[in-house]
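Chemist: Below is the structure I would like to discuss, written out as structure tokens.
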2 protein chains.
Amino acid sequence: MRADEDLATAAARELAEETGLRAHDPGEPAPESGNGAHLEQLGTYGDPKRDPRMRVVSVAHLALAPDLPAPKAGGDANSARWAPVETFLEQDPEGDQTGPLAFDHAQILADGVERARSKIEYSSLATAFCPPEFTVGELRRVYEAVWGVALDPRNFHRKVTGTPGFLVPTGGTTTRQGGRPAQLFRAGGATLLNPPMLRPEV
Amino acid sequence: MRADEDLATAAARELAEETGLRAHDPGEPAPESGNGAHLEQLGTYGDPKRDPRMRVVSVAHLALAPDLPAPKAGGDANSARWAPVETFLEQDPEGDQTGPLAFDHAQILADGVERARSKIEYSSLATAFCPPEFTVGELRRVYEAVWGVALDPRNFHRKVTGTPGFLVPTGGTTTRQGGRPAQLFRAGGATLLNPPMLRPEV
DNA sequence: GGAATAGTGTCTCTAAGACATTATTTG
DNA sequence: CAAATAATGTCTTAGAGACACTATTCC
């Protein structure tokens, strides 16, 4: 953090420096220009033994974004890259604790994934994973990817288009390959979904 | 924080020093002995201007407890006392920002209240406001107090007793003044309510 | 008996889950 | 036409909201 920075400002700056993603303020919808990432504070990790070298207190943040520009080398993280979360969250069959992430970062990542899974149930935040204009099918694939389940396309369509303020039709349609064109939507003003979209029980 | 303390440990120690409340680990049910407070991290506040005197980053915690022992003077907070949240969250009709709490503490308190209101929807955490054994009516009054609404006693009874793992009858009954004795329950093992108990829309 | 509180039952309506069908494009 | 994807419709059932009634205590 710099001397004149808020926590969220510092997180947005670091995110931009290492990934090129520009974050917009939470609560506001994604900007028209696209590439705007939703950024929110996740939690603070301060166990005195989490980094054996020295006492470090980390304020973790979670970003949701539709597009992933090539990460920029340099800055704090020379080896920044994108990877699926499963790469780092697989249960180690041996049971030992040597995962691919340092310190408690696997726990932080798991907390972030759970936050995302939980938040898209009760909010319209899944649209943060979509470009400014998107189809119902694209939004459904966001839910399916985040939750790791398959959803019924017909019930999903009925649910999201029936929730007031969730989706606003732009009038446009997609040109696709081998299929009926889909209506385009953008995120509506609603931030809280009522009733929520509960993930199916396992 | 002390050099060997986790964030939660330090918060629990400060809470005990100033209020006498003993916190138990989150995830675990309240201890039999009673007086155990649920404690969880709320969020971290680090705006460089939040305290004009110096740069302070505060990790706020939220505690839920059934009993409120007399706060102990001494320690950091000489004037510790219990008060209803409304005392500090009333909207100032004048519109100026001079509330009774210092710095951004009104915002932190508002965030904590919203966290509590939201969490008792999807979890069995409302039992943290109850003593080890309690009645359905007591649990209902917790919901009514936290949400600030009136709930239908009959629908509430049906809902909470019908949710598996939420309540476990102890067999005992209360002795009351002028009314049918109520069954006593303790918190069951379930932590997540499915389906959730959604607060009524306003 | 009357007041007070606890607990059960019934009806209605919303919404989710399962599933069939129609619509519109490309090749 | 076949294949692919989008969109709408129907039926069933779980569960929330509204409301009436019965049960058990103290006064």
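The values are calculated or read from the model by the stated rules, or taken from the named source; none is laboratory data. It should be emphasised that the depicted structure is a prediction, and the values quoted were computed from it without experimental measurement. Neighbour counts run over all protein chains shown; Cβ positions are idealised from the backbone, glycine included.
Chemist: Would you check if A:ARG117 is out of contact with any Pro (no Cβ under 6 Å at 6 or more places or on another chain), more than 27 Å from A:HIS61 (Cβ to Cβ) and of a type outside the set (S, T, N, Q)? Walk me through it before giving the result.
Modeler: Numbers: out of contact with any Pro (no Cβ under 6 Å at 6 or more places or on another chain): yes; more than 27 Å from A:HIS61 (Cβ to Cβ): no; of a type outside the set (S, T, N, Q): yes.
So A:ARG117 does not fit the description; no.
Chemist: Might you check whether a residue that is under 25 Å from A:ALA23 (Cα atoms), within 13 Å of DNA strand D (Cβ to nearest atom) and β-branched (Val, Ile, Thr) occurs anywhere in the stretch A:154-177?
Modeler: Yes, the conditions are met somewhere in the stretch A:154-177.
Chemist: When you scan the stretch A:131-157, how many residues do you find that are among the hydrophobic types (A, V, I, L, M, F, W, C), more than 18 Å from A:PRO169 (Cα to Cα) and in a helix (DSSP H, G or I)?
Modeler: Result for the stretch A:131-157: 4.
Matching residues to (1) at pLDDT below 95; (2) in contact with a helix residue (DSSP H, G or I) (Cβ under 6 Å, 6 or more places away or on another chain):
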| site | (1), (2) |
| --- | --- |
| B:ARG117 | no, yes |
| B:VAL146 | no, yes |
| B:GLY172 | yes, no |
| B:THR191 | yes, no |
| B:ASN194 | yes, no |
| B:ARG199 | yes, yes |
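Chemist: Report yes if some residue within the stretch B:93-110 is in a helix (DSSP H, G or I), away from DNA strand D (no atom under 16 Å from the Cβ) and within 14 Å of another protein chain (Cβ to nearest Cβ); otherwise report no.
Modeler: There is at least one residue in the stretch B:93-110 that is in a helix (DSSP H, G or I), away from DNA strand D (no atom under 16 Å from the Cβ) and within 14 Å of another protein chain (Cβ to nearest Cβ).
Chemist: Restricting the search to the stretch B:151-187, which residues are touching a Phe, Trp or Tyr at 6+ places or on another chain (Cβ under 8 Å), closer than 26 Å to A:MET197 by Cα and either more than 11 Å from DNA strand C (Cβ to nearest atom) or not assigned by TED's automatic domain parsing to the domain that holds B:GLU133 (or both)?
Modeler: B:LEU151, the sole residue that qualifies.
Chemist: Does the stretch A:159-202 hold any residues that are more than 18 Å from the chain's Cα centre (by Cα), among the basic types (Lys, Arg) and surrounded by 12 or more Cβ atoms within 10 Å (Cβ to Cβ), and which are they?
Modeler: The one that is more than 18 Å from the chain's Cα centre (by Cα), among the basic types (Lys, Arg) and surrounded by 12 or more Cβ atoms within 10 Å (Cβ to Cβ): A:LYS159.
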